[in-house]
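Okay, so here's the structure we're looking at.
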Amino acid sequence: IFDAEKAPVAPEPSLGEFPYFSLIDGYEEMTYETSRGDPHFHGNVRNAKFDRFEFFDGHKLIPVEGRLKTMYASGTGASFFEVQKTYERMIKNLGGVTVYEGTGKDISDKKVQYKEVRHREKYPIEEDKIGVYMVRTPSRQIWVEVWQPRYVDTNYFLTVVEKQDMALRAALLPAEQMKQA
């Protein structure tokens, strides 16, 4: 069973802008405009300053809160094995680890239920292909999931979450202002 707090601590990497990882060459991030009604796209991509995402470690779900981006990668030329190994190698080059690689059958067999299923809800997940990776540094954890639904031959979902506390983006109104309102 994976414990993020026991994962090796890697040196602080020099990273560009969030979400830090590009899509595989030959793939582009599908947008609302380019989705042309693709049902896999709608409602499944996210870009949030703060959100919650559950990662499967082969036994249980690990909820991670923080900055999140889920992209739907559209393209051809890469097997899902190449997709997994590309992101695994990038994470390992940063000093990270593989959390899980496998199929949705493990999720079904363990009777795991996602609280928010997102791109995982519209398909029989037993044949979906999954890779989960994580790098832990002194100041942060960066989680990566690649997911290929069984009905999609070459496209894949890439989710990156940088674990962090939520910044409050609202404030209490002063009592005097509330009286006036």
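How would PHE81, PHE18 rank on accessible area, largest to smallest, probe 1.4 Å? Walk me through the numbers on the way to the answer.
Numbers: PHE81 135, PHE18 30 Å².
Order by accessible area, largest first: PHE81, PHE18.
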Those aspartates and glutamates that a straight Cα-Cα span of less than 17 Å connects to LYS110, excepting residues fewer than 8 apart in one chain:
GLU54, ASP57, GLU101, GLU121, GLU126, GLU127, ASP128
Nothing charged except the Cβ atoms of Lys and Arg (+1) and of Asp and Glu (-1): what's the magnitude of the dipole of the chain about its Cα centre? Round to the nearest 20 debye.
420
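Could you work out the local net charge near GLY96, counting Lys and Arg as +1, Asp and Glu as -1, over the other residues with Cβ closer than 12 Å to its Cβ? Spell out each step's value before the answer.
On the way: positive: ARG89, LYS92, ARG136, ARG140; negative: GLU88.
Cβ neighbours under 12 Å give a net charge of +3.
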Along the charge dipole of the chain, pointing to its positive end and built from +1/-1 on Cβ of Lys, Arg, Asp and Glu, which listed residue (GLN164, THR31, HIS119) has its Cα farthest out?
GLN164
Surface share of carbon and sulfur [accessible, 1.4 angstrom probe, percent] for the chain:
50
Considering the options GLY102, ALA175, VAL152, tell which one lies farthest towards the positive end of the dipole of the chain, charges being +1 on Lys and Arg and -1 on Asp and Glu at the Cβ, about the Cα centre.
ALA175
How large is the accessible surface per residue of the chain, computed with a 1.4 Å probe and reported in Å² as a whole number?
56
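Given Cβ point charges of +1 (Lys, Arg) and -1 (Asp, Glu) and nothing else, what value in debye, to the nearest 20, does the dipole of the stretch 48-154 about its Cα centre take?
Numbers: 19 positive and 16 negative charges, 81 e Å.
Dipole size: approximately 400 debye.
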Please report, for the Cα atoms of the chain, the Rg to one decimal and the Dmax as a whole number; what are they, in angstrom?
18.0, 63
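Counting only C-alpha contacts under 8 Å and six or more residues apart, can you give the relative contact order of the stretch 1-77 as a whole percent?
On the way: 76 pairs, mean separation 27.1, N = 77.
Once normalised by length, the contact order is 35 percent.
The values are calculated or read from the model by the stated rules, or taken from the named source; none is laboratory data. The structure presented is a predicted model; accordingly, all values stated were derived computationally and were not measured. Glycine also receives a Cβ, built like all others from the backbone with ideal geometry; neighbour counts cover every protein chain displayed. To get the accessible areas, we keep the full protein, side chains included, count just its heavy atoms, and leave off ligands, DNA and RNA. Shrake-Rupley method; radii C 1.70, N 1.55, O 1.52, S 1.80 Å.
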